[in-house]
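Right, one structure below, let's go through it.
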Amino acid sequence: MAEEAEGMDRFDMEGDFEGGRFGRDGEFYYRSRRERAPQTRDDAIYGVFAEGDSDYDSEDDEGTRRRRRKRRKDGGGEADLTKPVQFVSTGKFMPTQEPEPEERPGLGRAAAAAADKEEEEEEEDQDDEGDTEMLPAMFGKIRDGARARREEKEREREMAARRRQAAGLGAGEPSAAPGSLESNSKVAKMMRMMGYKKGMGLGKNQQGITAPVESTLRPKNAGLGSVEGFREPKIMSAKENVPAPPPPPASAKKKRWSKKATTKKAPILTKNELLAMRAEQEQEEQPAVVQKVIDMRGPQARVLTDLKGLNEEQEMEANDVPMPELQYNVRMLVDEARADIVRLDAQLRREQEKVASLVREKEKVAKQEASQKRQLLVMERIAETLEKVQDDDASGMLTLDGLIQTFHGLKVQFEEEFKMCSIAWIACRYAHPLLIRVFQGWQPLHDPKFGLEVMKKWKDLLQGDQPYDFSDSAASMTPYVQLVSEVILPAVRISGTNSWEAREPEPMLHFLELWDNKKLLPPVLLQSLLEHVIMPKLSAAVDSWDPRRESIPIHVWVHPWLPMLRERIETLCHSIRYKLSTVLHVWQAHDASAYAVLSPWKDVFDSASWEDLIVRYIIPKLRLALQDFQINPANQKLDQFNWVMLWTSAIPVQLMVHMLEVDFFSKWQQVLYHWLCSPNPDFNEIMNWYKGWKGLFPPELLANERIRMLLTAGLDMMNQAAEGLEVVQPGARENVGYLRATEKRQFDAAQQAYHAVPGAAMADLSFKESIQAYAMEQGLLFMPRVGKFYNGMPVYEFGTVSICIDSVKRLLYAQLQEGIDRWSPVTLTQLMDMNRIGRPH
C-alpha cells in the first residue's frame with residue numbers, strides 16, 4: 001500500500017486536518033484544519049520539475065508542521081503577554097572549568113537546522129506512536145496510514161543523509177562555515193541545478209573566484225593608508241581555486257584551561273636575572289630619543305614609549321585566546337612588577353651614588369677645613385711677624401739686614417702664602433727708605449760695583465726666578481722693578497745727564513754691562529735709560545761732529561752702542577752719512593784717512609745706502625787715479641795702484657772688477673802686447689813681471705772669474721809669443737765683429753729714416769742706442785755728464801773718454817785731452833784705442 005501511495009497525490013481528508021479521528025457515532029472529529037504550505041521560490045522557478053513535488057515531501061512543509069506542533073505543545077501560537085519575563089538557564093558550571101559545548105556536525109545555520117530537524121522528527125515520531133497507541137484497535141486503516149507515514153519519514157532521513165554525503169558532509173564531518181555557499185541549502189541546490197560544481201569557479205571556463213569577497217571593518221578615521229596592527233583582507237585571484245579549509249570542529253579544540261592541558265609556560269625570572277638582562281639590553285642597544293605615543297583608540301588614553309604590544313588585544317581576539325581580559329590583567333600586573341623592580345633598582349643606585357658623593361664631599365670638606373686651619377695658623381704667624389717689623393720700624397731699630405732676614409724666613413717657611421698675600425710688596429715698602437739711605441750720594445759711573453751684593457739679595461727675595469716682564473705698564477711692574485726704579489734709576493739718570501760725555505762711552509757702558517750681566521737691571525729700565533739718556537747724548541754728539549777737525553773717528557764712540565741700540569742706530573746713520581758726504585766731496589784718492597773713517601760703516605749702513613755712497617764719492621776718484629797711473633816695466637811706480645787696492649774690502653766686488661777692467665787691464669794688456677811684439681823679448685823677465693802683478697791683487701779679487709779671465713788673456717799672449725805665433729792685439733777681434741754689426745745697424749737706421757716722415761727722432765735714438773750697446777758689450781761705462789755740453793750737444797762718458805753724439809750728421813766727437821776743450825770726430829775703433837792707451841800722444 002505504501003508503494004502504491006508513493007509518487008501519487010492523496011485526496012482523502014487525512015491531509016487536510018490535524019488530530020482528526022472518527023467517533024463511535026461515525027462522525028469525523030479533528031483538532032484543527034491543516035494549512036497548505038505556501039508556494040516557495042523553487043516552486044516558482046522549477047514548477048513540477050522541482051524535487052519533492054508533494055506538499056508533504058517538502059522540507060518547508062515538514063518544518064511548518066513541526067513549528068505548529070511545537071507551538072501546540074507550548075500552549076498555543078500566540079504569546080501570553082500577561083505572564084512575567086522568564087530567563088532560560090544555560091546550565092551550571094564552575095568558574096575554573098570551561099563549559100563544554102555540545103558536539104554537533106557544524107557551527108553554521110545549516111548544522112543547527114539539521115539538529116533541530118532531527119529532534120523535531122523524533123518528537124513527531126513519539127507523538128505519532130502515542131497517537132497510534134491512543135487509537136482503538138478497530139481503526140486499522142488509520143494505523144496503517146500512520147505506519148506508512150513513519151516509513152516515509154525514515155526514507156526522507158536516509159535521502160537527506162545521502163544528499164549530505166554527496167555534498168561532502170558525512171555524518172561525522174563538520175558542516176559548512178557560516179556565510180559560505182554550502183551553509184545555504186537553497187542557494188546550493190539552485191547552483192547545482194545551474195551546473196555549479198564544488199571547488200570549481202563560476203563561468204563557462206570556470207574562471208570565477210571560488211571564495212567570496214572578504215569584508216573587513218577598518219579602524220575609525222584610518223583613511224586609505226596603512227594602519228599598524230590592522231591586517232588588510234587578501235585579494236583572491238581567479239587562479240586561486242583552492243577553497244579555504246573548513247574550521248576545525250569544536251571537539252578538536254584543546255582544553256587549554258584544564259589541568260591536563262600542555263601549554264608552554266613563560267620563564268620565571270628573579271630580580272637579579274631581570275636586572276642583568278636589562279643591563280645587557282642597554283649595553284647592546286644604542287641610546288635613542290624617547291618619544292611618547294598617546295593611544296586614544298580605547299575608552300581611556302594610554303601613553304606609550306614604544307609601539308611594542310600596541311595591538312595585543314586585537315591579536316588575542318583574532319587568535320581566539322581564552323579569557324583575554326584575565327590574561328591582559330595578568331600581563332599588566334607582571335609589567336608593573338617589572339617596572340617597579342627597575343624603578344626601585346634605579347632609585348637604589350641613585351641613593352648609593354648620592355651616598356658616595358656625600359662621602360667624597362665630606363672628605364673634601366674635611367680637607368678644606370684642615371687646610372683653612374693651617375692657613376689660619378700661618379696667617380697668625382705672618383701677622384705676628386709683620387707686627388714685630390712694624391714695631392721695630394716705629395722705634396727706629398729696623399735695619400736692612402734684619403729686615404731681609406725676617407722676610408727671607410717667611411718666604412722659606414710659607415712660600416705659597418708669601419706669593420698669595422703679596423708679602424713682597426710689604427717688604428718693598430719697608431726696604432725703600434733704608435735703601436735710599438744706603439745709596440745716598442752714590443756716583444754710579446765712578447763706582448758701578450757699589451750696592452751689587454745688596455741689590456742681589458733683594459732681587460732673590462722679591463723677584464726670585466720669575467722672568468722679567470718687558471711691558472712698561474704700571475700694572476705689570478713687580479716689587480723689585482719698582483724698588484730699582486725708585487732707588488737706582490734716579491742716580492744713573494743724574495750721572496748720565498750731568499757728567500757723562502758721549503765721546504767717552506766707557507763709563508756708562510761699563511755700568512750698564514755690569515748690572516745687566518748680573519741681571520740686576522730690569523730690561524724695562526735699561527730701555528728707558530737708552531731712550532731718555534743715551535740716545536739724546538749720542539744725537540747731540542753726532543750733530544756737533546766735524547770730520548775735518550776731529551781726529552777721533554765717529555765709529556770709535558758710536559759703534560760700542562750698536563749691540564744695545566740696535567734699530568735705534570738708524571736714526572744716527574742718516575746724520576752720519578750726511579756728515580761723511582760733505583767730507584768725501586772734496587776728498588782725493590791719495591788720502592787714506594777716508595778709508596779709515598768710512599770702511600767701519602759698511603756693515604752698519606744698509607747695502608743700498610752704502611753702494612750709493614761708494615758710487616758717488618769713492619769710485620770716481622779712484623778711476624781718476626787709475627787713469628793717471630802709468631804702467632812702465634822699466635820704472636814702475638805703484639802709488640795709484642795701491643790707493644785703489646786699499647778700497648778692495650770696502651767697495652762691492654762687481655764695481656771694483658768693472659773699474660779695474662776698464663781703467664787698468666786695458667792699459668796693462670797693451671803694454672804686454674807691445675813688449676811681446678818688440679824684437680828679442682826676454683820671456684823670463686816678462687814672466688816675472690806677470691807674476692809680480694798677479695801677486696798685487698788681494699785674494700777676494702783673484703777669486704773673481706772676470707779677473708782670472710783678464711789675467712789669462714795676458715798669459716795666452718805670452719804663450720803665443722813663446723811659440724812663435726802671431727800675437728793678436730787685445731780687443732781686435734771684438735772690434736772687427738762689432739764694427740760690422742754697427743755698420744749694419746746704422747744702415748738699417750738710415751733706411752728707416754728715409755722711409756719715415758718725421759724719422760729724425762727714430763734715427764737719433766737708434767744711433768745712440770748702438771753706441772750705448774757697444775759700450776755695454778765692451779764693459780765700458782756709458783753715462784751722461786751732468787751739466788756739460790759741447791756745441792749744444794750733451795756730453796757722455798764713454799769709459800775714460802768724454803764724447804758727444806751729433807744726431808744730424810751721425811758723427812761721434814771725442815775730447816782729445818781732459819781739461820782742454822779740444823774735440824775731434826772719431827770712429828769706434830779710435831775710441832776704443834783711446835780707452836786702451838789712455839790718451840793719444
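The values are calculated or read from the model by the stated rules, or taken from the named source; none is laboratory data. If you're wondering where the values come from, they're calculated on a predicted model, not measured in any experiment. Glycine also receives a Cβ, built like all others from the backbone with ideal geometry; neighbour counts cover every protein chain displayed. Remember, those area values only see protein heavy atoms, side chains included, never the ligands or the DNA or RNA. Shrake-Rupley method; radii C 1.70, N 1.55, O 1.52, S 1.80 Å.
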Practice task
Would you be able to say whether some residue in segment 578-596 is part of a helix (DSSP H, G or I), more than 20 Å from Phe697 (Cα to Cα), among the basic types (Lys, Arg) and open to solvent by less than 70 Å² (accessible area, probe 1.4 Å)?
Solution key: yes
Practice task
Give me the pairs, please: first residue somewhere in segment 28-48 and over 16 Å from Met191 (Cα atoms), second residue anywhere and of a type in the set (Phe, Trp, Tyr) and at pLDDT below 75, beta-carbon distance under 7 Å, and either six or more positions apart or on two chains.
Solution key: Phe28/Phe22; Tyr30/Phe17; Arg33/Phe17; Arg34/Phe17
Handout entry: segment 501-528: number of residues that are surrounded by 19 or more Cβ atoms within 10 Å (Cβ to Cβ), among the hydrophobic types (A, V, I, L, M, F, W, C) and under 26 Å from Ile554 (Cα atoms)
Key = 4
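With respect to Glu700, determine if the residue is assigned to a helix (DSSP H, G or I), within 19 Å of Trp610 (Cβ to Cβ) and either open to solvent by 50 Å² or more (accessible area, probe 1.4 Å) or of a type in the set (Phe, Trp, Tyr) (or both).
yes
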Fill in the blank from the handout: Checked pairs for segment 546-573, first β-branched (Val, Ile, Thr), second open to solvent by 40 Å² or more (accessible area, probe 1.4 Å) and in a loop (DSSP other than H, G, I, E, B), C-beta under 8 Å and 6 or more apart or across chains, list as Ile552/Arg503
Exercise for the section: With respect to Thr648, determine if the residue is more than 60 Å from the chain's Cα centre (by Cα) and not hydrophobic (A, V, I, L, M, F, W, C). Expected result: yes
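Mind telling me which of the residues Gly496, Gly464 ends up being small (Gly, Ala, Ser), touching a helix residue (DSSP H, G or I) at 6+ places or on another chain (Cβ under 9 Å), under 28 Å from Leu400 (Cβ atoms) and part of a loop (DSSP other than H, G, I, E, B)? Even if it seems obvious, please write down each step before you answer.
Details: Gly496 fails: part of a loop (DSSP other than H, G, I, E, B).
Matching residue, one of Gly496, Gly464: Gly464.
Taking the conditions exactly as written (touching a residue at least 40 places away in the same chain (Cβ under 8 Å), under 30 Å from Ala596 (Cβ atoms) and either open to solvent by less than 20 Å² (accessible area, probe 1.4 Å) or not polar (S, T, N, Q) (or both)), does Lys694 satisfy them or not? Steps first, answer last, please.
Numbers: touching a residue at least 40 places away in the same chain (Cβ under 8 Å): no; under 30 Å from Ala596 (Cβ atoms): yes; either open to solvent by less than 20 Å² (accessible area, probe 1.4 Å) or not polar (S, T, N, Q) (or both): yes.
No: the conditions fail for Lys694.
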Practice task
Could you list all residues from segment 703-732 that are assigned to a loop (DSSP other than H, G, I, E, B) and modelled with pLDDT under 90?
Solution key: Glu723, Gly724, Leu725, Glu726, Val727, Val728, Gln729, Pro730, Gly731
Exercise for the section: Looking at (1) open to solvent by 70 Å² or more (accessible area, probe 1.4 Å); (2) touching a residue at least 12 places away in the same chain (Cβ under 8 Å); (3) of a type in the set (Phe, Trp, Tyr); (4) not in a helix (DSSP H, G or I), find the lone condition where Trp442 falls short. Expected result: (1)
Completion exercise
Restricting segment 285-296 to residues that are surrounded by fewer than 10 Cβ atoms within 10 Å (Cβ to Cβ) and either among the aliphatic types (A, V, I, L, M) or in contact with a Pro (Cβ under 7 Å, 6 or more places away or on another chain) (or both), the one modelled with the lowest pLDDT turns out to be Ala288
Handout entry: Unmet requirement for Pro448, which otherwise passes all of (1) open to solvent by less than 20 Å² (accessible area, probe 1.4 Å); (2) outside any loop (DSSP other than H, G, I, E, B)
Key = (2)
Practice task
Output the residues belonging to segment 648-688 that are of a type in the set (A, V, I, L, M), touching a Gly at 6+ places or on another chain (Cβ under 9 Å) and under 20 Å from Ala634 (Cβ atoms).
Solution key: Leu672
Exercise for the section: Please indicate, with yes or no, whether at least one residue in segment 645-655 is among the hydroxyl-bearing types (Ser, Thr, Tyr) and in a helix (DSSP H, G or I). Expected result: no
Practice task
Examine segment 615-632 for a residue that is more than 23 Å from Leu702 (Cβ to Cβ) and either assigned to a loop (DSSP other than H, G, I, E, B) or open to solvent by less than 30 Å² (accessible area, probe 1.4 Å) (or both), and state whether such a residue exists.
Solution key: yes
Completion exercise
Of (1) modelled with pLDDT of 90 or more; (2) under 22 Å from Glu504 (Cα atoms), Tyr595 satisfies every one except (2)
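How about segment 547-582: which of its residues are farther than 19 Å from Met508 by Cβ and out of contact with any helix residue (DSSP H, G or I) (no Cβ under 8 Å at 6 or more places or on another chain)? Walk me through it before giving the result.
Residues of segment 547-582 farther than 19 Å from Met508 by Cβ: 547-551, 553, 567, 570, 573-582.
Correct list: Arg549, Glu550, Ser551, Glu567, Glu570, His574, Tyr578, Thr582.
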